[in-house]
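The structure appears right after this line, and notes come after that.
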Amino acid sequence: MAPNDFTDLGQIRDQLRAFEDRYNATARPFQWKFTTSDLDDLLTRLDRHTLDRQEESSAAPAT
């Protein structure tokens, strides 16, 4: 949506309400599968990657 898609605020309101009605009629609960353990593993890998990068950049010879 962009401001030029509508001629007045009433159209925007009507479109948003229509979307809300459609969404609420068809929406289903989301089953989250990313556990806290998965998050811990990801953060550990990211920390390791960041440390490896820092070590590489500090070990690089100055030019």
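Values quoted throughout were computed directly from the atomic coordinates according to the rules given, and no laboratory measurement underlies them. The shown structure was predicted, so the numbers you read here are calculated from the model rather than taken from an experiment. Backbone-built Cβ (ideal geometry, glycine too); neighbour counts: all protein chains shown.
Quick notes on this structure:
- Scope the range 22-38; condition part of a helix (DSSP H, G or I) and loosely packed, with under 10 Cβ neighbours inside 10 Å; matching residues: Y23, N24, A25, T26, T36, S37
- Flag for D14 being without any contact (Cβ under 8 Å) to a residue 12 or more places away in the chain, loosely packed, with under 10 Cβ neighbours inside 10 Å and over 20 Å from the mean Cα position of the chain (by Cα): no
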